[in-house]
Structures are given as C-alpha cells and as structure tokens.
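Down below is the structure, laid out as structure tokens.
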Amino acid sequence: MHLLTRAADAYDTDDEVNLTGYAESLAVYSASVAGLLLTARARGRSLPEHYSVQGLAIGGMATHKLTRLLSRSSVTSPLRAPFTEFQGPAGSGEHLEKPRSGHGVRHTVGELLTCPFCLGVWVGTAYVTGLATAPRPTRALAAVLTVVTLSDTMQHAYSRLRGD
C-alpha cells in the first residue's frame with residue numbers, strides 16, 4: 001500500500017486529481033460487474049455469444065439518451081443536487097453543473113453524474129447486463145430511449161431550419 005501512496009503522491013503533487021475517489025469508483029464498478037455476473041450465473045443466465053449490430057446501435061442510442069437525461073436534464077437535477085452545484089442553463093432543457101468541492105464520495109459521485117462519457121460506461125454495462133438477465137424490459141426501455149433520441153434530433157433539426 002505504501003508503494004501506491006507514493007505513486008499517487010508523485011502523480012499529482014498539487015493534489016488536484018481525485019485519485020482516491022477514482023480508485024473507489026473503479027472498485028465499486030468492478031465489484032458491481034462481478035456481482036451482476038455472479039447473480040446472472042446463479043440464475044442460470046449467461047452472456048450472449050454475440051450481439052446484433054441493430055441491438056448494439058439501439059443500445060448505443062439508448063445509452064446516450066439515458067446518460068444525457070441523468071447527467072444534464074433539468075428534470076433530473078434533484079437527483080444530482082446533493083452531489084453537484086448548478087452553473088447555469090445549457091439549452092434544450094439541460095443544466096450545466098459541476099461536482100461539489102472536496103475529494104470525498106460526494107465529490108466523486110458528482111464527477112460521475114456531471115460526465116455523460118463517464119456515466120455512459122455504467123449505463124452501457126447495465127444495458128448489456130439487462131440483455132442477458134431481463135431482455136424484454138431492457139429492449140423495451142432501449143426502444144423508448146431510442147425513439148426519444150430520434151425525436152430530439154428531429155426537434156433540433158426543425159428548430160435550426162426555422163432559425164429558432
């Protein structure tokens with residue numbers, strides 16, 4: 001452990017990077033994936049041997065939409081509020097927020113919730129796990145999120161055409 005502490009100290013001499021929080025996030029993510037796999041195996045489920053291109057495309061769009069809803073939507077801001085600070089509106093019903101200050105769990109969760117790219121890993125993992133453990137509801141939710149993504153894209157295109 002001493003070696004890891006020394007490496008962390010040498011990595012960030014100004015203590016700007018939340019290495020402890022990131023390490024904890026990695027541990028929680030790894031434990032979650034292991035738990036999901038063990039639960040699936042205990043229930044007699046296994047990961048599919050392959051995935052269809054269509055399923056991955058729908059999953060990608062659904063993951064994108066859900067991460068935007070969770071990390072930016074004004075409607076979901078009450079879920080993020082304990083971990084983030086409002087910075088301002090970001091357009092299209094979205095907020096710009098930043099993680100609460102500090103290096104604790106609250107800050108780390110705030111970093112995850114304000115980063116759609118970071119959150120995408122968690123949501124994508126949930127989608128793939130859902131395909132193995134509960135395919136019908138997973139596909140139904142993915143279909144809804146994909147339809148909303150396409151609708152949002154059309155709304156933005158229409159607004160641009162009108163010059164809104």
Return the residue satisfying two criteria in turn: it lies in the range 40-72 and is polar (S, T, N, Q) and crowded, with 18+ Cβ neighbours inside 10 Å, and of such residues it is nearest to residue 89 (Cα to Cα). 71
Picking from 138, 114, 153, 125, which residue would you name as being among the hydroxyl-bearing types (Ser, Thr, Tyr), buried (at least 16 other Cβ atoms within 10 Å of the Cβ) and out of contact with any Asp or Glu (no Cβ under 8 Å at 6 or more places or on another chain)? 138
Would you check which residues across the range 67-93 are closer than 18 Å to residue 146 by Cα and under 17 Å from the mean Cα position of the chain (by Cα) and list them? 67, 68, 69, 70, 71, 72, 73
Considering every residue within the range 58-66, establish whether at least one is hydroxyl-bearing (Ser, Thr, Tyr) and within 16 Å of the chain's Cα centre (by Cα). yes
Just to verify a result, which residue in the range 1-37, among those that are assigned to a helix (DSSP H, G or I) and of a type in the set (Ser, Thr, Tyr), is modelled with the lowest pLDDT? 5
Please go through the range 86-123 and give me each residue that is at pLDDT below 95, in contact with a strand residue (DSSP E or B) (Cβ under 6 Å, 6 or more places away or on another chain) and of a type in the set (A, V, I, L, M, F, W, C), ordered by number. 90
Expected single match for of a type in the set (A, V, I, L, M, F, W, C) and more than 30 Å from residue 164 (Cβ to Cβ) among 62, 40, 90 is 40
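Tell me, which residue of the range 16-37 that is under 20 Å from residue 102 (Cα atoms) and without any contact (Cβ under 8 Å) to a residue 24 or more places away in the chain is surrounded by the most Cβ atoms within 10 Å (Cβ to Cβ)?
19
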Which of the residues spanning the range 73-109 are of a type in the set (A, V, I, L, M) and buried (at least 18 other Cβ atoms within 10 Å of the Cβ)? 109
Taking the range 38-59 and keeping residues in contact (Cβ under 8 Å) with a residue 60 or more places away in the chain and either of a type outside the set (Phe, Trp, Tyr) or in contact with a Pro (Cβ under 8 Å, 6 or more places away or on another chain) (or both) leaves 39, 40, 43, 45, 46, 47, 48, 55, 58, 59
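The values are calculated or read from the model by the stated rules, or taken from the named source; none is laboratory data. Here the structure is a predicted model, which means the values were calculated and not measured. Using ideal geometry, Cβ is built from the backbone for each residue, glycine included, and neighbour counts are taken over all protein chains shown.
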